[in-house]
Amino acid sequence: MHEAGSTGPMPRTDTRSRVQKVALELFAEQGYEKTSLREIAERLGVTKAALYYHFKSKEDIVHSLTDDYFAEIDALLDWAKDQPRSDETRREVLDRYVSIVLGGSEVFRFLEQNRASVQTMEAGKERFARFRDRLDVLVDILAGPGAPLRDRVRATTAVLAVGATCVFYLQQVDDRDKLRAIVLEIATDLTG
């Protein structure tokens, strides 16, 4: 599921990860629109040509961030589909999902702070649709296929609450593990 014109996700490399990290830092400091590829290259200590080898544009960097996030969700869904339907599996799915969301918190913060810029990108326009497909599968895994509406709504609420709560509280807490445990407990209660 790649955007039109995309060549697919690049293999993970240290340089690629460093570019993503530095770009997010600069986007947070200056905003997406005011950050240039040249500034990203300078902060990395590489030439613009070297940066261009990995990413042709700032939009490509954003695409890579969302593609990486969706790849993690896809890996979770692939794993979960082969697991027995049980309370233990449900909790493990939620546990892994909370980890993915917390791991992507900087990306979520960027997307929220730069909503107008991101929505003008092709990927931004399809972002919710891409998440919606995965949300449906995740809800089926958590609530069970063909579950009653109440159970599906509870599972959907749990998944959406994980994302919103982690992003909302992450910068307000000193103990990330404590936040993680609370979010997992509440999500588990919602799906139990």
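General observations
- Filter result (small (Gly, Ala, Ser) and either closer than 11 Å to Ser105 by Cβ or not in a helix (DSSP H, G or I) (or both)) within the range 148-192: Gly163, Gly192
- Single condition Glu33 does not satisfy, out of (1) assigned to a loop (DSSP other than H, G, I, E, B); (2) at pLDDT below 85: (2)
- The residue that is most open to solvent (accessible area, probe 1.4 Å), counting only those in the range 69-89 that are in a helix (DSSP H, G or I) and in contact with a Gly (Cβ under 8 Å, 6 or more places away or on another chain), is Asp87.
- Any hit, the range 146-164, residues being modelled with pLDDT of 90 or more, over 15 Å from Ile73 (Cα atoms) and among the acidic types (Asp, Glu): yes
- Yes/no for Arg109 being over 30 Å from Asp140 (Cβ atoms) and either open to solvent by less than 20 Å² (accessible area, probe 1.4 Å) or touching a residue at least 12 places away in the same chain (Cβ under 8 Å) (or both): no
- Yes/no for Arg96 being surrounded by fewer than 19 Cβ atoms within 10 Å (Cβ to Cβ), modelled with pLDDT under 85 and among the basic types (Lys, Arg): no
- Options Arg115, Arg109: the member that is modelled with pLDDT under 85, within 24 Å of Ala75 (Cβ to Cβ) and not small (Gly, Ala, Ser): Arg109
- Condition broken by Tyr169, with the remaining ones in (1) within 20 Å of the chain's Cα centre (by Cα); (2) at pLDDT 95 or above satisfied: (2)
- Residue among Glu25, Glu72, Glu3 that is of a type in the set (Asp, Glu), out of contact with any Asp or Glu (no Cβ under 6 Å at 6 or more places or on another chain) and either modelled with pLDDT under 90 or farther than 30 Å from Leu142 by Cα (or both): Glu25
- Total residues in the range 46-63 satisfying the condition of being open to solvent by less than 50 Å² (accessible area, probe 1.4 Å) and assigned to a helix (DSSP H, G or I): the figure is 7.
- Applying the condition of being closer than 19 Å to Thr89 by Cβ, among the hydrophobic types (A, V, I, L, M, F, W, C) and over 19 Å from the mean Cα position of the chain (by Cα) to the range 182-192 and asking which residue is surrounded by the fewest Cβ atoms within 10 Å (Cβ to Cβ) yields Ile186.
- Test: residue in the range 143-156 that is of a type in the set (Ser, Thr, Tyr), farther than 26 Å from Lys58 by Cα, out of contact with any Cys (no Cβ under 6 Å at 6 or more places or on another chain) and open to solvent by less than 60 Å² (accessible area, probe 1.4 Å): yes
The values are calculated or read from the model by the stated rules, or taken from the named source; none is laboratory data. Not measured: the values here are computed from a predicted model. Every residue, glycine among them, receives a Cβ derived from its backbone with ideal geometry; neighbour counts consider all protein chains shown. Accessible surface areas use protein heavy atoms only, side chains included; no ligands, DNA or RNA. Shrake-Rupley method; radii C 1.70, N 1.55, O 1.52, S 1.80 Å.
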